[in-house]
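Input: a single structure, listed below in structure tokens.
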There are 2 protein chains.
Amino acid sequence: MAETPVPQIAQRPKRADGRRNYDALLVAARTAFAEHGSDASLEDIAHEAGVAIGTLYRHFPTRATLVEAATRDGLEVLVSHARDVADRLAPLTALTDWMRHAVVHFSTFRGLVGILAQSMYDEGTPSHAMCAAMHTSGADLLRAAQRAGEVRADLTADELFGLLSGAAWVRETTRAGKDETERFIELVIEGIAVRTAGP
Amino acid sequence: MAETPVPQIAQRPKRADGRRNYDALLVAARTAFAEHGSDASLEDIAHEAGVAIGTLYRHFPTRATLVEAATRDGLEVLVSHARDVADRLAPLTALTDWMRHAVVHFSTFRGLVGILAQSMYDEGTPSHAMCAAMHTSGADLLRAAQRAGEVRADLTADELFGLLSGAAWVRETTRAGKDETERFIELVIEGIAVRTAGP
DNA sequence: ACCTGAACACCGTTCAAGT
DNA sequence: ACCTGAACACCGTTCAAGT
């Protein structure tokens, strides 16, 4: 039988005091990650949340589980956003709109896109489930745009995520503003879109 | 008067024993970086080179100076390669050929492209001088291709380096092989090249 | 079931003593 | 001018004791 890796995913505790600490840790973690990136001090996060370091480790046995829990909601929004645009917008418009949102979410804080890129193909990683869901979302939008003949047919979903991750990494490392990010994504889209004949 | 930041650059010692250690440290560093990325253990590098940790710090006061010294030669090759292709090849071919080489050099080891992207716009960083030279090389090739009408005129050199760095980052994080890298760069080029009219 | 914080481990960095 | 390695500092991680 093949080994089925079971990734550690943080569970929100049932007891009231545990749940309070769990929530406070997530708030502190999101703030710390936003300011110092994914390698922010765990000691500081625990202190900011008003708990001892052992409590942090009890709820989040590894840094990756804390990152996963801190980003889960945002990425869930991204997945449901994909269904939304697929219903409301034309295929290419839907895809590019979703790509813009994906790049923003992937670069929520410094280091996140690296963790997500890793988790995409590594089962047994806390963020893998969410990454697989995003992969499906992106692949669906891509396929629709390709069926409509608006995106080059030879582009794979993996390549799409390579482009998205690369754009997100550039955004996080250059601390690019809204305009530069928009422009950069535009360049990427030019590379994958099928150019319609001029007038 | 404006502050002129003077970046620390490692100097090859004049005394024979110092030079031996300096060289041994560079060899050990290149091996360690290739295997463990830019955050490889400095203790291990010193041990591998057969010197005490203090000797490493004497020659390379910061990790950034060691990275700079370990990558200087390779990036010099890249800069002279730019002059080479500018003389030998047609503008767009020269640019794309150089882009391929740049992506490979930028992803020599995990973490390098992040350091270079940082150094590009941060004077006072050891790698800044080499990054500025690369920036000039790339900008020259880009300008020539734009004059020939083969690359979109509105692309800036900074955007070109964003695309190159992004591609290098994807390569280093996905440990992509030669074919995937080639394909990925092709997608980027499609986005910046001016499409010639079909037959 | 959950919390605390001392204790341990690891590694980067400095510096006094040495050649 | 260069080398050594003990000492210090910092931080991640564990775990025995407690509620």
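For the range B:23-62, a residue qualifies if it is within 16 Å of DNA strand D (Cβ to nearest atom) and either among the polar types (S, T, N, Q) or closer than 19 Å to B:W169 by Cβ (or both), and the qualifying residues are B:D39, B:S41, B:T55, B:T62. In the range B:139-157, the condition of being within 17 Å of the chain's Cα centre (by Cα), over 15 Å from B:V104 (Cα atoms) and within 9 Å of chain A (Cβ to nearest Cβ) is met by no residue. Residue count for the range A:93-121 satisfying the condition of being assigned to a loop (DSSP other than H, G, I, E, B) and within 11 Å of chain B (Cβ to nearest Cβ): 2. Against the criterion of being surrounded by fewer than 22 Cβ atoms within 10 Å (Cβ to Cβ), aliphatic (A, V, I, L, M), farther than 25 Å from B:R183 by Cα and more than 13 Å from chain B (Cβ to nearest Cβ), A:A90 qualifies. Sub-8 Å Cβ pairs linking a first residue in the range B:52-81 that is more than 17 Å from B:W98 (Cα to Cα) to a second residue that is within 14 Å of DNA strand C (Cβ to nearest atom) and among the aromatic types (F, W, Y), at least 6 apart or interchain, are B:L66/B:F60; B:V67/B:F33; B:A69/B:F60; B:A70/B:F33, ordered by first then second residue. Which one is nearest to B:M99 (Cα to Cα), of the residues in the range B:144-182 that are surrounded by fewer than 15 Cβ atoms within 10 Å (Cβ to Cβ) and basic (K, R)? Result: B:K178.
For A:H81, the stated conditions do not hold, so it cannot be described as out of contact with any strand residue (DSSP E or B) (no Cβ under 8 Å at 6 or more places or on another chain) and within 11 Å of DNA strand C (Cβ to nearest atom). For the range B:188-199, a residue qualifies if it is surrounded by fewer than 21 Cβ atoms within 10 Å (Cβ to Cβ) and facing chain A (nearest Cβ under 7 Å), and the qualifying residues are B:E190, B:G191, B:R195. Do we have A:V6 as part of a helix (DSSP H, G or I), out of contact with any helix residue (DSSP H, G or I) (no Cβ under 7 Å at 6 or more places or on another chain) and surrounded by fewer than 16 Cβ atoms within 10 Å (Cβ to Cβ) here? Spelling it out, it is not the case that A:V6 is part of a helix (DSSP H, G or I), out of contact with any helix residue (DSSP H, G or I) (no Cβ under 7 Å at 6 or more places or on another chain) and surrounded by fewer than 16 Cβ atoms within 10 Å (Cβ to Cβ).
For the range B:21-72, give me each residue that is of a type in the set (S, T, N, Q), within 10 Å of DNA strand C (Cβ to nearest atom) and closer than 22 Å to B:H128 by Cα. Break it down stepwise before answering.
Quick first cut of the range B:21-72, residues of a type in the set (S, T, N, Q) only: B:21, B:31, B:38, B:41, B:55, B:62, B:65, B:71.
Filter once more, so that each one left must be within 10 Å of DNA strand C (Cβ to nearest atom): B:41, B:55, B:62.
If the condition is that a residue be of a type in the set (S, T, N, Q), within 10 Å of DNA strand C (Cβ to nearest atom) and closer than 22 Å to B:H128 by Cα, then B:T62 is the only one that fits.
Here, each number is a calculation from the coordinates, and none is a lab measurement. Because the structure is a prediction, the values reported are computed rather than measured. Note that each Cβ is placed from the backbone with ideal geometry, even for glycine, and that neighbours are counted across all protein chains shown.
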